[in-house]
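The structure under discussion appears below in the form of structure tokens.
The values are calculated or read from the model by the stated rules, or taken from the named source; none is laboratory data. Values in this document were obtained by computation on a predicted structure and should not be read as measured data. Counting neighbours? That spans all protein chains shown, and the Cβs are built from the backbone with ideal geometry, glycine included. To get the accessible areas, we keep the full protein, side chains included, count just its heavy atoms, and leave off ligands, DNA and RNA. Shrake-Rupley method; radii C 1.70, N 1.55, O 1.52, S 1.80 Å.
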Amino acid sequence: MEDLTKEQQHFIITLYKNYLDRTSTMPKDKARAFPDAAYIKENIFPSYSLDEIISICRDLHRAGYVT
């Protein structure tokens, strides 16, 4: 993860922690699929703008961290 900025690292680690929490209430394949950027904003990163979340997700996708 050295290829990521600190913000991107924080974002992906927080998503992973959220995934781990979700696995206690749903199957892993469903827990790893976040519906969309609006869901991430509303439930995980309310202080981020939707544009910021989309931008970070695109960067993480390009780097191969998310699909």
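When each pair of different Cα atoms in the chain is counted once in the 1/r mean, what is the Kirkwood radius in angstroms, to one decimal? Intermediate values should be presented prior to the final figure.
Details: mean 1/r = 0.0814 Å⁻¹.
After inverting the mean inverse Cα-Cα distance, the result is 12.3 Å.
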Sum of -39500 (n - 2.57) over DSSP H runs of 4+, divided by residues of the chain (222 nm, nearest 500):
-18000 deg cm²/dmol
On a straight-distance basis, which lysines could pair with Lys30 in a cross-link, Cα separation under 17 angstrom, same-chain partners fewer than 8 positions away excluded?
Lys17
Would you mind computing, in nm to one decimal, how far apart the modelled labels at Lys28 and Glu2 are, each placed 7 Å from Cα along Cα→Cβ?
2.8 nm
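Ignoring ligands, DNA and RNA, what percent of the 1.4 Å accessible area of the chain is carbon and sulfur?
Numbers: 2470 of 4790 Å².
Of the solvent-accessible surface of the chain, carbon and sulfur hold 52 percent.
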On average, how much accessible surface per residue is there in the chain, in Å², for a 1.4 Å probe, leaving out ligands, DNA and RNA?
72 Å²
Given the protein chains as shown and a 1.4 Å probe, how many square angstrom of Thr14 are accessible, to the nearest 10?
40 Å²
